[in-house]
Amino acid sequence: MTRSFDILMVGIGGQGIILASNILGEACLIEGRSVRGAETHGMAQRGGSVEGHIRIDGKFGPLIAPGTAHLMIAFDMLEALRYAHFLMPDGHMVVNSHIVIPTSVFMQGAAIPDKEAVRERLEGWPLCLVDADVLAAEAGSPLSQNVVMIGAASWFMPFAPSSLLTAVERLVPKKTVAINRNAFELGRAAGEKCKEGSRNA
């Protein structure tokens, strides 16, 4: 059995997870690697959960089993907590340091989760927190946060960074290539700090 490198991407509908998954798939094609993937949508248009499963160099099935993901890329802290059980014990977790509160939560008067409490619950795994919203705005567009996250997570993926960047340039709208190139590089700089921290731990 060939062991795949499994990446789970999770977040809220509208955060660009499907495009991010496609970018990883394109990077596989650029490097001549096999890839299997699947997306699941939980009322994504209404702020529900979205999952992207990407299995690199494997031969069996597109879905990642709980406890076996090498890497999780979470676009929201609560979604990271929701899907943390998919990560293997020594896997890495790259998480956007924001919590998206759906409108329905406000309407129902539910308590807003405490960000620090969520972070503490995530510390059982190697955790890289990235302020993707701020970095995306710095790159030139809030919509580029998905590419920021790919850049940050690139340190933990079995790809050459140039392959990921080429995939980004191929798949984003042509008029946003420069913005997304900046987003990737800003994310990569943020992820390097996490990588260095894990080396020194």
I need Ser141, Ser163 ordered by Cβ neighbour count within 10 Å, fewest first. Ser141, Ser163
With the Cα gyration tensor of region 111-181 giving a ≥ b ≥ c as the square roots of its eigenvalues, does the rule (a/c under 1.5 for rounded; else a/b larger than b/c for prolate; else oblate) give rounded, prolate or oblate? oblate
Under 10 Å, Cα contacts only: if you run a Gaussian network model on the chain, which one of Asn180, Asn146, Asn22 comes out with the highest mean-square fluctuation? Asn22
Rounded, prolate or oblate for region 5-200? Axes are the square roots of the Cα gyration tensor eigenvalues, ordered a ≥ b ≥ c, and the cut-off for rounded is a/c under 1.5. rounded
If you find the alpha carbon centre of region 166-184 and of region 11-82, how far apart are they in angstrom? 19
Per-residue ellipticity at 222 nm for the chain, helices alone: DSSP H runs ≥ 4 residues times -39500 (n - 2.57), over residue total, nearest 500 deg cm²/dmol? -13000 deg cm²/dmol
Could you tell me which residue out of Val100, Val130, Ile17 lies farthest along the dipole of the chain toward its positive end? Charges go on the beta carbon: Lys and Arg +1, Asp and Glu -1, centred on the Cα centre. Ile17
Got a sec? How would Lys195, Lys174 order by Cβ neighbour count within 10 Å, fewest to most? Lys174, Lys195
For Lys193, go through the lysines and keep the ones whose alpha-carbon is under 22 Å away, minus same-chain ones fewer than eight residues off. Lys115
For the chain: relative contact order, % (alpha-carbon pairs under 8 angstrom, 6 or more apart): 21
Which ordering of His85, His70, His98 is given by a fewest-first count of other beta-carbon atoms within 10 Å? His85, His98, His70
Tensor-based shape of region 1-93 (alpha-carbon gyration tensor, a/c under 1.5 rounded, otherwise prolate or oblate): oblate
Charges only on Cβ, +1 for Lys and Arg, -1 for Asp and Glu: so what's the dipole of region 5-200 about the Cα centre, in debye to the nearest 20? 420
per DSSP, antiparallel bridges as share of beta bridges in the chain, % nearest 5, sits at 55
Tell me, what HN-Hα J-couplings in whole Hz come from the Karplus equation 6.51 cos²θ - 1.76 cosθ + 1.60 at θ = phi - 60° for each residue of region 132-146, using x for Gly and Pro? 5, 5, 5, 5, 5, 4, 5, 5, x, 7, x, 6, 8, 4, 5
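Coordinate-derived values only; no laboratory data. Every value quoted in this text rests on a predicted model; they were computed, and no experiment measured them. As a convention, Cβ positions derive from the backbone with ideal geometry for all residues, glycine included, and neighbour counts pool all protein chains shown.
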